[in-house]
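Data block below; observations after.
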Amino acid sequence: MFAVENLHKSFSDKKVLQGCSFSIPDKEIRVLIGRNGVGKSTLLKIITGILYPDSGDVLLNQRSLLRDPTEKRRVGYVPQSSALFPHLTIRDNVAYALRNGRGKEEEIDTILAHLDLHEYEHAYPYQLSGGYRARVALGRALFSNPAIMLLDEPLTEVDHAKKTEMLPEFKKILQELSIPVLYITHDPREAALIGTSYMAMDANGVTQVNSAEEAFSFIQ
Amino acid sequence: MHKKPSTIEILFIPAFFLLILYPICAILFHLTPEGIVTTISDPLFWSSFKNTLITAFGAAILATLLALGFGYYHMFNRDSIMYRIADLFNDLPIALPHTVAGLALLLAFGRKAFGFAGSTGLAFTVLAVTLAMFFVSYPLAARTIASSVDEIDREIIDVARTLGDSEGKAYVRIVLPLLGESLISSMVLCFSRSLSEFAAVIMFGGNVPGMTQVLASYVFTKVEEGQIDAAVSASAFCILLSIMLVIILRILTRRRHVRGRKPA
């Protein structure tokens, strides 16, 4: 179980998060929907440990993560830009966590095969399409054996047709992890296809809703 | 159809030719075969050339290494007092008269403070020449590395951190490989700057022929001795060396711009 409790964060005079609270049980893919600038990225940066909150807590299995530096949190992070390491091959990108004692060498091939990346394992990120870059970013996060997954609009670079093809596959992979997943998107179709639960975020915080449509109408 | 040149273009051409190209050409026009022969047969010229290469290369390496330290602060610790001080002092050696820089080094590493290292401290040695060149060229290295660090997508570093890298590991494993050609650009820039340094080198390193004399001080000595032909030949050699460095730098900079380093 992952939980965020009463999170506050301000930048100078601008209050970005004001008492943000929610929890995500294991095996759940929670889709977070909110307008630009509402604080979604700030929330993710606090969970990863890149930013520190002014107050509040981030809990994983009832243990606070705030005392741990980013590298100790076991957070799998797939950003919007994929953020692949441009100087490393696809195989080395996926297996990056191995350098820090995470993941198992024998799992590299399984993940590459699972994400249909074997053909490109010796290629470099600039040689891949947006869809394949998103696969690599997901594979890299999966390989690190995370305790929670954060995906920040991971399929922005992918067209609608390709998304429709990829999302059920992504959903299956994420559900097999049996960990809490937080997935941010601006695309209602993507939200409906990937999510198992939904919440909407506005200036007042987050509100859990029953469907992707309800989340999008909430933020209108 | 040719477009009509503007007044600014018309004014720029004679000003540029008179003030920039003409002085360079003046050196080349005054080259004489005797001067060239005298210079290339002078062992002190070759020892000053050797000293210049060794010290400028040493200064370029030192400056780039220290600049990498600054790059680390620039990437991870911009709010720290150390970063603010270092950032401020990056510009100081540029604004400071280089005689003052030389005197500062002399007082800091000379006989009084570093007497244990020799009768003149570190002063008037090849190391002193290297340090003088390093002192004036480091800001260029720091600026080059900092601007290259700015070009790296911060999210790449954040991801590396979530995969278990500490800031230091992410800097070594991700930032340094991505700096790549910027490191070479920094070295070439520092080398070029070191090649042209005179005042700080003379003040701290001295101008001992065959020992601490470099090309810049060799030219100065020849002018002082009235051997203008030899001074002109050595200067022409310096111009050739500088043009080569500038061309290398241009090629490196162009390659960096063409490739770009932010992921799509």
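Of the helices (runs of 4 or more DSSP H) lying entirely inside region A:98-190, those containing at least 3 residues that are within 14 Å of another protein chain (Cβ to nearest Cβ), over 30 Å from A:Leu59 (Cβ atoms) and not β-branched (Val, Ile, Thr) are A:130-143. The numbered conditions (1) away from every other protein chain (no Cβ under 14 Å); (2) surrounded by fewer than 22 Cβ atoms within 10 Å (Cβ to Cβ) are all true for B:Gly168 except (1). B:Thr120 satisfies every condition listed in (1) part of a loop (DSSP other than H, G, I, E, B); (2) closer than 30 Å to A:Asp152 by Cβ except (2).
Please work out if A:Asn93 is within 14 Å of chain B (Cβ to nearest Cβ), farther than 9 Å from A:Phe143 by Cβ and out of contact with any helix residue (DSSP H, G or I) (no Cβ under 6 Å at 6 or more places or on another chain). When the stated conditions are applied, A:Asn93 does not pass them. Scanning region A:28-43 for residues that are over 16 Å from A:Glu5 (Cβ atoms) and either touching an Asp or Glu at 6+ places or on another chain (Cβ under 8 Å) or basic (Lys, Arg) (or both) returns A:Gly34, A:Arg35, A:Val38, A:Lys40, A:Ser41. Selection within region A:50-88: residues that are within 13 Å of chain B (Cβ to nearest Cβ) and of a type in the set (Ser, Thr, Tyr). The member of this set that is surrounded by the fewest Cβ atoms within 10 Å (Cβ to Cβ) is A:Tyr52.
The rows are residues; the columns are (1) farther than 30 Å from A:Ser144 by Cβ; (2) of a type in the set (Val, Ile, Thr); (3) surrounded by fewer than 19 Cβ atoms within 10 Å (Cβ to Cβ).
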| site | (1), (2), (3) |
| --- | --- |
| B:Leu103 | yes, no, yes |
| B:Leu140 | yes, no, no |
| B:Asp150 | no, no, yes |
| B:Gly164 | no, no, no |
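The numbers here are math on the coordinates, done by the rules we state, and not lab data. All figures in this text were calculated on a predicted structure; none of them were measured in a lab. Every residue, glycine among them, receives a Cβ derived from its backbone with ideal geometry; neighbour counts consider all protein chains shown.
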